[in-house]
Amino acid sequence: RIEMMKLNILFIGLVLMISCGKKDKLPAGILKPEKMQAVLWDVIKADVFTTDFIKKDSSKNAASENLKLQQQIFAIHKVTKADFYTSYDYYKTNTVEFKKIMDSMVSQAERKKEIITKPLQAE
């Protein structure tokens, strides 16, 4: 009985060690958080550009132009559209990781805003 108990404890400990060790590993094909953040930031900026400028130009198809911008972004970051959207879906369902990415993006945007507006405040 004691031997069986020891085996059970050892088995549970082993399972816990394995499961904890794999927590930081991403599934195959998922962009690392830093890469996802960089690509997502550019995709968001492209969407804003499309909304603020391209949609106002009646001679252009906003959806088509936005698609072109996204293709350029994926080429710059050396990722495929499928990799990005698969990763995006993954992070949306893993809210803790997605929140970290979004929080980091917000912090960077705030720092950039401070740098840009600082000289204006000094005058």
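Annotation: lysines with alpha-carbon distance below 24 angstrom to residue 112 (same-chain offsets under eight excluded): 32, 35, 45, 99, 100.
Note on region 37-114: with neighbouring protein chains present and a 1.4 Å probe, carbon and sulfur make up 57 percent of its accessible heavy-atom surface.
The accessible area of residue 103, taken with all protein chains in place and a 1.4 Å probe, comes to roughly 70 Å². Averaging the Cα positions of each part gives two centres, and for region 94-111 and region 55-84 these lie 23 Å apart.
Note on exposure: 98, 49 ranked by accessible area (1.4 Å probe, complete protein assembly) read 49, 98, with the most exposed listed first.
Taking packing as the residue-averaged number of other Cβ atoms within 10 angstrom, the listed peptides 38-47, 85-94 run from highest to lowest as 38-47, 85-94.
Average accessible surface for region 27-110: 64 Å² per residue, computed with a 1.4 Å probe over protein heavy atoms with every protein chain in place.
The values are calculated or read from the model by the stated rules, or taken from the named source; none is laboratory data. Remember, it's a predicted structure, so these values are computed and weren't measured experimentally. Cβ: placed from backbone, ideal geometry, glycine included. Neighbour counts: every protein chain shown. Protein only, heavy atoms only, side chains kept; ligands, DNA and RNA dropped before computing areas. Shrake-Rupley method; radii C 1.70, N 1.55, O 1.52, S 1.80 Å.
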